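One structure is given here, and the rest of the page talks about it.
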Amino acid sequence: MNQLVRLAAGLLLATSLVGCAVNPVTGKKEVIFDSVAQDIETGKQNYIPSQQSQGGQYVVDPGLTAYVAQVSKKLAAVSDSPNLPYEFVVLNNDVPNAWAMPGGKLAINRGLLIQLEDEAQLAAVMGHEIVHAAARHGASAKSQQMVVGAGALLAGVAVATKKPEYGGLTVGALAVGATAWNSKYSRDHESEADVYGIKYMVKAGYDPQAAVELQELFVRMKDNQAPGWIEGLFASHPASQDRVAANKAEAAKYPKGGARNKEAFQRALSQLTKDKDAYKNYQEAMKSAKAKQYDRALSLVDNSIQQQPRENLFWELKGQLLVQQDKNKEAITALDKSISANPNFFRPYIYRGMAYKELGNSSLAERDLIASQRLLPTQEASEELGDIALTKGDRNTAAAYYQQVVSGGGEAGERAKAKLVKLQ
């Protein structure tokens, strides 16, 4: 605790010496420790792990990502930080959400895209997120957290080191950057993002009324209280009638009209719209799987596959369900197709590795588990690799893998502790 107190005191001193920076959007001085170069490096290091932990990139229709990037680049070009190395991806995730990392790394989930009506509403989403990056809100939030005192620092350490547990159909990520990027922006940050997001929309030629409609949509979604929506979007972007009113007042400052580009938006989303029922069946299959209704889940996901055989998540879920039922050869066939559809997503490698391990093929199991670790380090893969190393008699390697699992905590961490005790 004394060390934490000294650290807090040092941070407070650092604040008075080097902690001030100018917000590129508002021009105001703020407490920010990191440089812009550090922002960029933070985004670079965490962008891919965050994508991996949230479903990976949507690959069924690459044209949709190209379209989102095209719209977003128009907004970034008129932002107050146009020279950031912006990147934009569509994530293969049902939860309606979008986020921005420091340094201009942005993402929007297909689950939010399908809720929008036109390009102007998409511009409202991405303009808001671009403000978070341009105004360095992530760095500002981080710096504020660093100067709130030793007690809060200790709490922050506890939160940062608490990793998600995993069950039969989920995986706990070890990488710090692999958790969803949902910075707890302050009310001022959210207000800034709303105000300047509308400014960027207008400068890029879009109708600012779309930003009002977007907040109205968020309020309706919040009122529906769909579990995933509350946990995703509203954890970092709280919706309220106050924000609707504020956006109305802000939009009223600009001339009426502007581009809506509804037809272009609908064309870009045509494949996703066509596959809407397939994803609905997939969501129902996931619910059935969690309830251990595996036969029903398999039937539902087979329907999804018939509707869209190029979706890697559908094949992956089928493989997971077959692994659950000890149908490992059939599982491998399904997981082969998942990996073929998207070879850059970590999760199917884990389940195919588990299936190979159950069939006694430790070399192929090890290959797949290591491939998954390269994409995203996880407790599940580390534990399986530890078990394989132990069967080979390589106790040191097994211990190293188990120690990784222990660092992740949860039930998996407790199991790994027990295995380490036996090794010792």
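The values are calculated or read from the model by the stated rules, or taken from the named source; none is laboratory data. No experiment lies behind these values; they were computed from the predicted model shown. Backbone-built Cβ (ideal geometry, glycine too); neighbour counts: all protein chains shown.
When the stretch 244-254 is examined, which residues are found to be aliphatic (A, V, I, L, M) and either in contact (Cβ under 8 Å) with a residue 12 or more places away in the chain or surrounded by 15 or more Cβ atoms within 10 Å (Cβ to Cβ) (or both)? Answer for the stretch 244-254, where residues must be aliphatic (A, V, I, L, M) and either in contact (Cβ under 8 Å) with a residue 12 or more places away in the chain or surrounded by 15 or more Cβ atoms within 10 Å (Cβ to Cβ) (or both): 244, 246, 251.
If you go through the stretch 317-338 one residue at a time, how many are among the charged types (D, E, K, R) and outside any helix (DSSP H, G or I)?
Of all residues in the stretch 317-338, those among the charged types (D, E, K, R) come to 318, 326-327, 329-330, 336-337.
After this cut, where a residue has to be outside any helix (DSSP H, G or I) as well, the list is 326-327.
Total meeting the criteria: 2.
Take the conditions (1) over 23 Å from residue 197 (Cα atoms); (2) at pLDDT 95 or above; (3) within 27 Å of the chain's Cα centre (by Cα); (4) surrounded by fewer than 20 Cβ atoms within 10 Å (Cβ to Cβ); residue 275 misses just one of them, which is (4).
Scan the stretch 388-406 for residues that are in a helix (DSSP H, G or I) and surrounded by fewer than 14 Cβ atoms within 10 Å (Cβ to Cβ) and jot them down.
Restricting attention to the stretch 388-406, the residues satisfying the condition of being in a helix (DSSP H, G or I) are 388-391, 395-406.
391, 395, 396 - these are the residues of the stretch 388-406 that are in a helix (DSSP H, G or I) and surrounded by fewer than 14 Cβ atoms within 10 Å (Cβ to Cβ).
Of all residues in the stretch 47-74, those that are more than 19 Å from residue 101 (Cα to Cα) have Cβ atoms under 6 Å from Cβ atoms of residues that are assigned to a helix (DSSP H, G or I) and among the aliphatic types (A, V, I, L, M), 6 or more apart or on another chain, in 64/268; 67/268.
Would you please name the residue that is surrounded by the most Cβ atoms within 10 Å (Cβ to Cβ), looking only at residues in the stretch 58-104 that are assigned to a strand (DSSP E or B) and modelled with pLDDT under 95? Outline the logic, then answer.
Restricting attention to the stretch 58-104, the residues satisfying the condition of being assigned to a strand (DSSP E or B) are 87-91, 98-101.
Of the ones still in play, those that are also modelled with pLDDT under 95 are 98-101.
Values: 98: 24, 99: 24, 100: 29, 101: 25.
If we take residues in the stretch 58-104 being assigned to a strand (DSSP E or B) and modelled with pLDDT under 95, then 100 is surrounded by the most Cβ atoms within 10 Å (Cβ to Cβ).
Being under 13 Å from residue 120 (Cα atoms) and loosely packed, with under 13 Cβ neighbours inside 10 Å is the filter; apply it to the stretch 255-270 and report the residue that is modelled with the lowest pLDDT. Here the residue is 257.
Of all the residues that make up the stretch 291-316, how many are in a helix (DSSP H, G or I) and either without any contact (Cβ under 8 Å) to a residue 40 or more places away in the chain or hydroxyl-bearing (Ser, Thr, Tyr) (or both)? It would help to see each step written out before you state the result.
Within the stretch 291-316, the subset in a helix (DSSP H, G or I) is 294-307, 312-316.
Right, trim to either without any contact (Cβ under 8 Å) to a residue 40 or more places away in the chain or hydroxyl-bearing (Ser, Thr, Tyr) (or both) and you get 294-307, 314-316.
Adding up the residues that qualify gives 17.
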